[in-house]
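Trainee: To start, I am sharing the structure in question, which I have written as structure tokens.
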Amino acid sequence: MQVYLNGEYMPLGEACVPVLDRGFLFGDGVYEVIPVYAGHPFRLQQHLERLGRSLKETRIPSPHSDEEWKTIFQGLIDTCPDSDAGIYLQVTRGVAVRDHAFPEFVKPTVFAMINPIKPVPDEILRTGIKAVVREDIRWERCDIKSIALLGNVLLRQEAVEAGAMETILLRDGVVTEGAASNVFVIKAGEIVTPAKDELLLGGVTRDLVLELARQHGLPVREAPIREFSLRSADEIWVTSSTKEILPVTSLDGKPVGEGCPGPVWETIRTLYAQCKEKLRTGLDSCQ
Ligand code: PDD
């Protein structure tokens with residue numbers, strides 16, 4: 001597998017970062033995950049805008065222009081032009097003697113790789129996934145796509161150890177997001193997701209779901225979701241670039257709604273799939 005590191009493409013096994021890299025020492029960096037369908041990056045502009053925002057908020061100087069990012073990604077896409085894949089991009093503040101304060105005269109480290117995305121198994125689409133609910137123990141700037149993911153890692157592991165796939169997070173009794181996803185609930189046909197703020201990541205998939213729902217006249221609202229509404233929802237979905245839109249059919253061991261993927265999910269999943277198909281043929285209105 002070829003990867004990109006600081007201006008060069010090389011086999012994964014040859015890509016090395018110094019141990020004084022601030023990503024390694026402090027988790028001082030940001031990242032993006034961008035799906036690629038049949039060689040076409042999905043919602044690239046939105047991912048680049050979020051990257052720009054994460055860099056600005058962490059005060060890491062932006063190492064590349066949008067055009068340069070596109071060229072870097074294309075070099076990776078060319079290594080697997082036909083398959084569905086995900087680009088992982090990480091930018092850290094760079095390599096410097098260990099000191100918490102920002103170093104002077106340091107160049108950001110840029111690393112990118114492309115990995116195949118496995119399609120969501122049919123079984124999951126038929127039955128949905130299990131999720132658990134936990135207190136959101138993370139910091140108060142979850143809007144930054146930081147590589148410092150220890151809170152997310154510990155919370156997601158709780159799901160795995162409970163035999164579930166995702167952890168839905170509550171801060172003071174209100175849903176923020178999933179450990180690696182955004183959350184939607186559906187009640188009486190209305191789609192609700194938390195408004196963007198500093199306590200959750202503004203997901204690109206989330207935004208597309210809202211856009212598709214509005215375009216097709218489905219009732220949607222960005223509003224706080226209290227624990228009671230989560231636990232009494234007709235449907236719950238979690239969304240991300242790699243998992244797309246997954247129906248949660250069991251929450252803390254209890255069925256969600258009828259305990260199977262719901263009708264609103266079927267509708268939104270079809271709309272999302274149509275977007276992906278348009279992108280594959282290059283006829284894109286969803287880019
Ligand atoms: N994570 N919230 C969190 C905490 C996430 O980690 C993610 C995705 C999302 C959804 O964002 P998007 O729709 O833009 O992928 C929300 C990625 C996929 C990851 O860390 O691998």
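Trainee: Determine ³J(HN,Hα), in whole Hz, for all residues of region 27-38 in sequence, where each value follows from phi through the Karplus function 6.51 cos²θ - 1.76 cosθ + 1.60 and θ = phi - 60°; x replaces Gly and Pro.
Mentor: Karplus-based 3J(HN,Hα) across region 27-38 equals x, 8, x, 9, 8, 9, 10, 10, x, 10, 10, 6 Hz.
Trainee: Under a Cβ-Cβ cut-off of 14 Å, what is the net charge of the residues other than Leu25 that fall near it, where Lys and Arg count +1 and Asp and Glu count -1?
Mentor: Working: positive: Arg22, Arg93, Arg98; negative: Asp21, Asp28, Asp99.
Neighbour charge sum, excluding Leu25 itself: 0.
Trainee: Calculate how large, on average over all directions, the projected area of the Cα convex hull of region 1-47 is; give the answer in nm² to one decimal.
Mentor: Numbers: hull surface 18.2 nm².
Orientation-averaged projected area of the Cα hull: 4.6 nm².
Trainee: Something else about it: Which is the longest part of the chain that has none of the trypsin sites (Lys or Arg not before Pro) sitting in a DSSP loop with at most 16 other Cβ atoms within 10 Å?
Mentor: Details: sites that count: Arg59, Arg98, Arg141, Lys196.
Value returned for the longest uninterrupted segment is 197-287.
Trainee: What value in Å³ per residue do you get for the convex hull of the alpha-carbon atoms in the chain?
Mentor: 133 Å³
Trainee: Further, regarding this structure: Within the set of other residues whose C-beta is less than 14 Å from the C-beta of Arg221, count the net charge using Lys and Arg as +1 and Asp and Glu as -1.
Mentor: Result for the neighbourhood of Arg221: +3.
Trainee: Follow-up. Give the whole-number value, in cubic angstrom per residue, of the convex hull volume spanned by the C-alpha atoms of region 2-116. If you can, show how the numbers build up before the last one.
Mentor: Working: hull volume 10.8 nm³, N = 115.
Here the figure is 94 Å³ per residue.
Trainee: Now, a different point. Just list whichever of Lys145/Lys254; Lys145/Lys276; Lys118/Lys276 have alpha carbons separated by over 21 Å in the model shown.
Mentor: Values: Lys145/Lys254 32 Å; Lys145/Lys276 24 Å; Lys118/Lys276 15 Å.
Violating the 21 Å Cα-Cα cut-off are Lys145/Lys254; Lys145/Lys276.
Trainee: Could you point to the residue in Ser146, Gly282, Asn6 farthest towards the positive end of the chain's charge dipole, with +1 and -1 charges on the Cβ of Lys/Arg and Asp/Glu respectively?
Mentor: With unit charges placed on the Cβ atoms, the residue in question is Ser146.
Trainee: Still on this model: Over the chain, what relative contact order in percent results from Cα pairs under 8 Å that are six or more residues apart?
Mentor: 18 percent
Trainee: Using Cα pairs under 8 angstrom and six or more residues apart, how large is the relative contact order of region 2-116, in percent?
Mentor: 38 percent.
Trainee: What's the longest piece of the chain with no exposed chymotrypsin sites (Phe, Trp or Tyr not before Pro), counting a site as exposed if DSSP puts it in a loop and it has at most 16 other beta carbons within 10 Å? Present the calculation step by step, with values, prior to reporting the outcome.
Mentor: Details: sites that count: Phe105, Trp139.
The reported range is 140-287.
Trainee: Leaving out ligands, DNA and RNA, and with a 1.4 Å probe, what % of the accessible surface on the chain is carbon or sulfur?
Mentor: Values: 7760 of 13950 Å².
The C+S portion of the solvent-accessible surface of the chain is 56 percent.
Trainee: A further question on this structure: Sum -39500 (n - 2.57) across every DSSP H segment of at least 4 residues in the chain, then divide by the residue count to get the 222 nm mean residue ellipticity, nearest 500.
Mentor: After summing the helix terms and dividing by the residues of the chain, the value is -9000 deg cm²/dmol.
Trainee: Compute the Cα gyration tensor for region 122-279, then decide on rounded, prolate or oblate, letting a ≥ b ≥ c be the square roots of its eigenvalues: rounded whenever a/c is under 1.5, prolate when a/b is larger than b/c in the other cases, and oblate in all that remain. If you can, show how the numbers build up before the last one.
Mentor: Values: a/c = 1.42, a/b = 1.23, b/c = 1.15.
Rounded, because the longest to shortest axis ratio a/c is under 1.5.
Trainee: Over every pair of different alpha-carbon atoms in region 199-287, take the mean of 1/r and invert it; report that Kirkwood radius in Å.
Mentor: Hydrodynamic radius (Kirkwood, Cα only) of region 199-287 equals 14.3 Å.
Trainee: Still on this structure, I have one more. Along the Cα→Cβ direction, 7 angstrom out, place labels at Lys278 and Met10. What is the inter-label distance in nm?
Mentor: With each label point 7 Å from Cα toward Cβ, the separation is 4.1 nm.
Trainee: Where nothing but the Cβ of Lys and Arg (+1) and of Asp and Glu (-1) is charged, how large is the charge dipole of region 122-279 around its Cα centre, in debye to the nearest 20?
Mentor: Rounded to the nearest 20 debye, it is 180 debye.
Trainee: Averaged per residue, what accessible surface does the chain expose to a 1.4 Å probe, in Å²? Walk me through the intermediate numbers first.
Mentor: Numbers: 13950 Å² over 287 residues.
Value returned for the chain: 49 Å² of accessible area per residue.
The values are calculated or read from the model by the stated rules, or taken from the named source; none is laboratory data. Note that the structure is predicted; figures quoted are calculated from it, not measured. Don't worry about glycine lacking a Cβ; one is built from the backbone with ideal geometry, like all the others, and counts go over all protein chains shown. Surface accessibility is based on the protein's heavy atoms, side chains included, excluding ligands, DNA and RNA. Shrake-Rupley method; radii C 1.70, N 1.55, O 1.52, S 1.80 Å.
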